[in-house]
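Here is the structure we will look at, set down as structure tokens.
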Amino acid sequence: MSVLSESMEPAIKKGDMVFVHNMSNEPFREGEVVLFKVDGFEHPIVHRVIKVYEHRDTGEIRILTKGDNNSMDDRFLYASGQLWLQPHDIIGRVAGYLPYAGWPGVFISEAYKLKAPYFLMYIKLVKVDFRSLKTDLMSTLKMSISNQSCV
């Protein structure tokens, strides 16, 4: 997966590609880097686990994350009212990364964000042109058919 922001620098840079694996049997540890999904975000997030809390009575695991380059933890990123991640929010653990290999993904993501409104406007214009082209084509075909029947 391509890293789309600078939030994990200097450890992992924007444009690096991370390799993720799922080790659901092993407990989460502070300091490991995980990939997680948050409701309302299009792309998963790669950040470091800074705290793991296990509820004494229920055994429920709660996880708090933070980007290395961010000044505060990720609670502001989590879904409304959510203060911790739970294991089912974690997609996997980062096993390694390849510097610069994710730049094509970054370019596509950023180009889509910047150009999407223009692309949609272009599609609408092309659609209008197709309608007028269809009308012209139908008129031409009708004329052609009527000319052939007169011969």
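The values are calculated or read from the model by the stated rules, or taken from the named source; none is laboratory data. From a predicted model like this one, the values you see are computed outputs, not experimental measurements. Don't worry about glycine lacking a Cβ; one is built from the backbone with ideal geometry, like all the others, and counts go over all protein chains shown. Side chains are part of the model used for accessible areas, which takes the heavy atoms of the whole protein and leaves out ligands, DNA and RNA. Shrake-Rupley method; radii C 1.70, N 1.55, O 1.52, S 1.80 Å.
Here are the numbers for this structure:
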| quantity | calculated |
| --- | --- |
| Filter result for the condition that a residue is at pLDDT below 60 and either more than 28 Å from Asn22 (Cα to Cα) or surrounded by 11 or more Cβ atoms within 10 Å (Cβ to Cβ) (or both), over Leu77, Leu120, Leu85 | Leu120 |
| Some residue of the range 54-63 being of a type in the set (Lys, Arg), at pLDDT 95 or above and more than 29 Å from Glu110 (Cβ to Cβ) | yes |
| Answer residue from the range 38-71, given it is under 16 Å from Lys14 (Cα atoms) and not charged (D, E, K, R) and is most open to solvent (accessible area, probe 1.4 Å) among those | Asn69 |
